[in-house]
Amino acid sequence: MSETGSDGELLRAIAAHGDRHAFEELYRRYAPWLSARMRSRCADAGIVDDVVQETFLAVWRGSARYREEGDVAGWLWRIGSRRLVDALRNDGARGRLRQTLAKLRHRDEASAEDRVLAGVEHGDLAGALIRLSPELRAVLQATVIDGLSTREAAVLLGIPAGTVKTRAQRARKQLREALA
C-alpha cells in the first residue's frame with residue numbers, strides 16, 4: 001500500500017488484507033490529532049493514551065467498520081469519544097459529574113443538576129437515571145458526563161443539535177421531578 005493513499009484506500013486495505021503499512025499510515029495521520037482532541041476532554045494522559053490505542057485497535061481488529069460516510073477523522077472521533085466516556089465512567093465519573101454540574105449552577109431555585117448532585121449523595125440518582133429513556137440518558141452522558149457541546153453531542157449521537165437541546169431539557173425536567 002502506498003503511504004500516499006487516501007484515507008478510504010487505507011481503511012479498505014486494512015479491512016480487506018490486514019495491511020500493516022496502511023494501518024501504520026492511518027495511525028501516523030490521525031493518532032496525534034486524536035490524542036490532542038482527547039486531551040481537551042481529559043487531563044489524564046494515561047487514560048488518553050489508552051483510549052487512542054483502543055480506538056486504533058478497534059480499527060485494526062475490524063470491530064469498528066468505516067461505512068464510507070463522512071470523513072475518517074469524524075468516524076475516529078466517534079469511536080474514541082465513546083471509549084473515553086467508558087474510561088471516564090470507570091475512573092471517577094461521579095467526581096467529574098459534580099465538577100461539571102457545579103459549573104452549571106446559576107439560579108436560586110434548585111436546578112435539576114443540583115438535585116442530581118443531592119441524589120448522588122443520597123443514592124437515588126441511579127434509580128432516577130434508569131427511569132429515563134435510553135435517548136435521554138445518551139444525551140445526558142454526552143453533554144454532562146463527557147462534557148461535549150450540543151453540536152459535538154449531535155455528531156456523536158447522530159441526531160440534530162436541536163434534538164440534543166430538547167432531549168437535554170426533557171431529561172432535566174424528568175430528573176427534577178424524580179428527585180423532588
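The values are calculated or read from the model by the stated rules, or taken from the named source; none is laboratory data. Quick caveat: nothing in here was measured; it's all calculated off a predicted structure. Because the Cβ atoms are built from the backbone with ideal geometry, glycine has one as well, and the counts that use them run over all protein chains shown. SASA here: full protein model, heavy atoms, side chains in, ligands and nucleic acids out. Shrake-Rupley method; radii C 1.70, N 1.55, O 1.52, S 1.80 Å.
For D71, the solvent-accessible surface with a 1.4 Å probe is about 90 Å², rounded to the nearest 10. In this label model, A36 and R65 are separated by 3.3 nm, measuring between points 7 Å along each Cα→Cβ vector.
Ordered by 1.4 Å accessible area with all protein chains kept, R20, R137, R151, R41 run largest first as R151, R20, R137, R41.
Taking every protein chain into account, the 1.4 Å probe leaves W60 with about 100 Å² of accessible area, to the nearest ten.
Could you list the GluC sites (Glu not before Pro) in the range 21-63 that lie in coil according to DSSP, counting only those with at most 14 other Cβ atoms within 10 Å of their Cβ? Here no GluC sites (Glu not before Pro) fit, given the DSSP loop and packing criteria.
T166: net charge of surrounding residues, Cβ under 14 Å, Lys/Arg +1, Asp/Glu -1, itself excluded? Intermediate values should be presented prior to the final figure.
Values: positive: K165, R167, R170, R172, K173; negative: E135.
The answer is +4.
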